[in-house]
Amino acid sequence: QVQLAESGGGLVQAGGSLRLSCAVSGTSRTINVMGWYRQAPEKQREYVAGITSPGTTIYADSVKGRFTISRDNGKNTVYLQMNSLKPEDTAVYYCRIVVSRTSVYWGQGTQVTVSS
């Protein structure tokens with residue numbers, strides 16, 4: 001059974017940094033895409049960043065230049081380094097992986113709160 005374990009969320013002041021991690025277990029297949037989404041209260045879930053197996057990255061415009069996504073294929077782990085955090089970054093952050101078109105998995109989410 002594929003499981004995603006997120007960690008690293010918390011409370012930080014505006015301008016601060018946090019690093020999220022998402023460790024994947026239960027699969028030996030290549031994970032094609034690893035990414036992060038977020039959902040703020042009363043808003044739809046939105047894309048944040050993604051990284052392919054070879055290392056190509058794509059960011060939402062709202063986080064470009066502030067967030068960095070990376071992955072350790074040997075550890076099946078994806079990271080999200082978040083710098084210069086803003087109150088509008090407050091949300092539950094979800095890890096998502098794509099093993100194939102029919103095999104997509106989500107984590108349970110980790111809360112990130114940025115105080116002004």
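Quick look at the numbers
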| item | result |
| --- | --- |
| Test: residue in the range 3-11 that is touching a residue at least 40 places away in the same chain (Cβ under 8 Å) and acidic (Asp, Glu) | yes |
| Any chance residue 60 is in contact (Cβ under 8 Å) with a residue 24 or more places away in the chain and hydrophobic (A, V, I, L, M, F, W, C) | no |
| Count - residues of the range 74-116 that are more than 16 Å from residue 13 (Cα to Cα) and not aromatic (Phe, Trp, Tyr) | 21 |
| Answer residue from the range 87-100, given it is closer than 14 Å to residue 30 by Cβ and of a type in the set (A, V, I, L, M, F, W, C) and is modelled with the lowest pLDDT among those | 99 |
| From the options 103, 84, 116, 70, residue that is open to solvent by 30 Å² or more (accessible area, probe 1.4 Å) and within 16 Å of residue 31 (Cα to Cα) | 70 |
| The range 50-67: number of residues that are open to solvent by 60 Å² or more (accessible area, probe 1.4 Å) and among the hydrophobic types (A, V, I, L, M, F, W, C) | 1 |
| Strands (runs of 3 or more DSSP E) fully within the range 9-85 counting 2 or more residues that are in contact with a Ser or Thr (Cβ under 6 Å, 6 or more places away or on another chain) | 10-13, 18-25, 77-82 |
| Considering residues of the range 2-37 that are of a type in the set (D, E, K, R) and under 17 Å from the mean Cα position of the chain (by Cα) only, the residue surrounded by the most Cβ atoms within 10 Å (Cβ to Cβ) | 6 |
| Residue 61 being farther than 25 Å from residue 13 by Cα and among the acidic types (Asp, Glu) | no |
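The values are calculated or read from the model by the stated rules, or taken from the named source; none is laboratory data. All of these numbers come straight from a predicted model, not from anything done at the bench. Cβ atoms come from the backbone with ideal geometry, glycine included; neighbour counts cover every protein chain shown. Surface areas here come from the heavy atoms of the whole protein model, side chains and all, with no ligands, DNA or RNA. Shrake-Rupley method; radii C 1.70, N 1.55, O 1.52, S 1.80 Å.
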